[in-house]
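Working notes for the structure below.
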Amino acid sequence: MTAKLIKGTEIREQILAEIKEEVEKIKAEHGVVPGLVTILVGENPASVSYVTAKIKTAKSLGFKEVQDNQPDDISEEALLELIDKYNNDDTIHGILVQLPLPKHIDEKKVLNAIDPDKDVDGFHPVNVGRLMIGGKEVKFPPCTPAGIQEMIVRAGVETEGAEVVVVGRSNIVGKPIAVMMMQKGPGANATVTVVHTRTKDLASHCKRADILIVAAGVPGLVKPEWIKPGACVIDVGVNRVGEKISEKTGKKVAILRGDVDFDAAKEIAGWITPVPGGVGPMTITMLMKNTLNSLKYKLGLA
Ligand code: NAD
């Protein structure tokens, strides 16, 4: 069997086109556009590249985009004041603080200072609580898990009563996707098992999964014989395993591998996400969706 590929690059384009259309409609009818501020402290190259991609996407959708770069010696107090400024700015609907922050700043304190109704990353404890309650309480599901669920739904994979096994229990992927898949409602209603480093027999759990979501950060952790024939395999892992020269640009680029042995797994699974080009492109996409939704909540449209 050869699995169907669930391509994040294609699903991203569909969702971005839907967002763009909604932005134009809201602009025409209400005279406002979603506003996103990205706060970048310092010049960490990976953070710069993430923020640049977010800004580019937001602009392409017609959002108001404020790029607020701060030096890495900014005081915690000054950063908190900045957040307070954007909390009170009516033209800003989403506040994103790019992590990691310099060591002298308490990350938790900064994230908790963001107005939960502008917390489009979904990391504020209020939004974590809303996610746990589920249903209409959920305002901003965290972006990577939201992207995973969207991929499963758009691929037409049945989640109702499905055995979902999540490998990994991080706050940004494993725990939230487990909660989301077990909630009552469409694209969920699954029976969920979470496995992690202390699990006794990883293989036996994975073998049961109709939907296997792997977010461990260990290249090739999931072996093909752990996959149930016909299962949907979502590989969240992004592992740098070496470098190569890009054919397109002639520059050195990282060789990326997922947590699943893709070549062998695709012969057994029913659906599978590639790495790169799978879950990766979905995270920024869902950040845009959360920012649009923030404006829609404010206007009473959602
Ligand atoms: P993390 O390190 O915070 O958590 C990893 C989890 O996997 C832990 O809960 C740990 O218990 C579990 N784990 C690790 N090794 C294991 C093993 N051998 N057996 C069983 N469980 C094991 O990582 P994270 O932030 O959740 O990220 C996981 C992976 O997903 C990473 O490769 C990361 O780069 C990737 N990621 C991708 C995206 C994206 O594509 N947009 C977003 C977030 C994370």
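One table, with the values for the structure above:
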read-out	value
Top-ranked residue in the range 221-250 [being basic (Lys, Arg) and in contact with a strand residue (DSSP E or B) (Cβ under 7 Å, 6 or more places away or on another chain); ranked as farthest from the ligand (Cβ to nearest atom)]	LYS244
All helices (runs of 4 or more DSSP H) inside the range 86-158 with 3 or more residues being buried (at least 16 other Cβ atoms within 10 Å of the Cβ), among the hydrophobic types (A, V, I, L, M, F, W, C) and within 16 Å of the ligand (Cβ to nearest atom)	143-154
Any chance GLY217 is within 8 Å of the ligand (Cβ to nearest atom), within 20 Å of the chain's Cα centre (by Cα) and crowded, with 19+ Cβ neighbours inside 10 Å	no
Any hit, the range 195-202, residues being under 17 Å from the mean Cα position of the chain (by Cα) and either surrounded by 19 or more Cβ atoms within 10 Å (Cβ to Cβ) or without any contact (Cβ under 8 Å) to a residue 40 or more places away in the chain (or both)	no
Some residue of the range 3-10 being on the phi < 0 side of the Ramachandran plot, out of contact with any strand residue (DSSP E or B) (no Cβ under 8 Å at 6 or more places or on another chain) and surrounded by fewer than 16 Cβ atoms within 10 Å (Cβ to Cβ)	yes
3 or more residues at negative phi, of a type in the set (Ser, Thr, Tyr) and in contact with a Ser or Thr (Cβ under 6 Å, 6 or more places away or on another chain): qualifying helices (runs of 4 or more DSSP H) within the range 202-302	none
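Any read-out appearing in this document is the output of simple, stated calculations on the displayed coordinates, not a laboratory observation. Because the structure is predicted, anything quoted here is derived from the model rather than measured. Glycine gets a Cβ as well: all are built from the backbone with ideal geometry, and neighbour counts include every protein chain shown.
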